[in-house]
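Undergrad: I have a structure I would like to understand better, so I am pasting it below and will then ask my questions one at a time.
Computed from the coordinates by the stated procedures, all read-outs in this text should not be read as laboratory data. Note that the coordinates shown come from a computational prediction; the quantities given were computed from them, not determined experimentally. Here the Cβ positions follow ideal geometry from the backbone for every residue, glycine too, while neighbour counts run over all protein chains shown.
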Amino acid sequence: ALVGWNVTFVILTIAFWTLTAIDQSHCDRFYFTVALAPVGASIRWLLGIFNKKPIRQCKSGGEVCWDVKTWDFPFFTFLANVIGSMLSTGVDAGVYHNCGTNAEFAVVSGLCGALSTVSTFIGESHKLSQKRPDGWLFLRYVWTTIIVSQVIVVIILEAAVY
């Protein structure tokens with residue numbers, strides 16, 4: 001079943017990329033957005049795999065190791081949200097000085113939209129709220145994601161203005 005879904009995904013992606021290349025009318029914005037969305041979703045999915053598997057990093061010559069799984073912080077979902085915010089802001093900052101093209105719209109809506117989905121953010125937040133009833137894990141994740149993303153957005157926008 002997984003192979004069938006992957007084949008379907010590849011065929012649909014190729015079809016939308018082909019339609020994007022062929023159709024130069026008003027619809028190409030839609031095709032390009034739909035063609036980029038699976039790329040963002042795939043990156044998010046690949047990053048999300050690492051939330052489930054422990055990653056051990058040991059310094060050479062010693063047994064000082066850290067294990068991402070023990071953090072109780074979905075770091076790779078956090079990373080996807082921050083990267084999506086950075087890319088979206090970077091493209092928007094570039095569009096600020098000129099009229100946005102269909103490609104820029106597609107990157108923001110398709111790639112970044114799928115990379116930084118609210119549903120996954122809410123799902124991870126809910127899991128953390130269930131792990132610890134006092135809400136500490138939930139609040140730490142939510143506020144870290146929001147604050148780090150907003151700080152990066154402000155830095156990118158300020159750099160673009162000056």
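Undergrad: Mind ranking 39-46, 128-135, 145-152, 103-110 by how tightly packed they are, going by the mean number of other C-beta atoms within 10 angstrom, highest first?
TA: 103-110, 39-46, 145-152, 128-135
Undergrad: Using θ = phi - 60° and the Karplus relation 6.51 cos²θ - 1.76 cosθ + 1.60, list the HN-Hα couplings for the stretch 103-115 in order, rounded to whole Hz, with x at every Gly or Pro.
TA: Each residue's phi maps through the Karplus curve to give 5, 5, 4, 5, 5, 5, 6, x, 5, 5, x, 6, 6 Hz.
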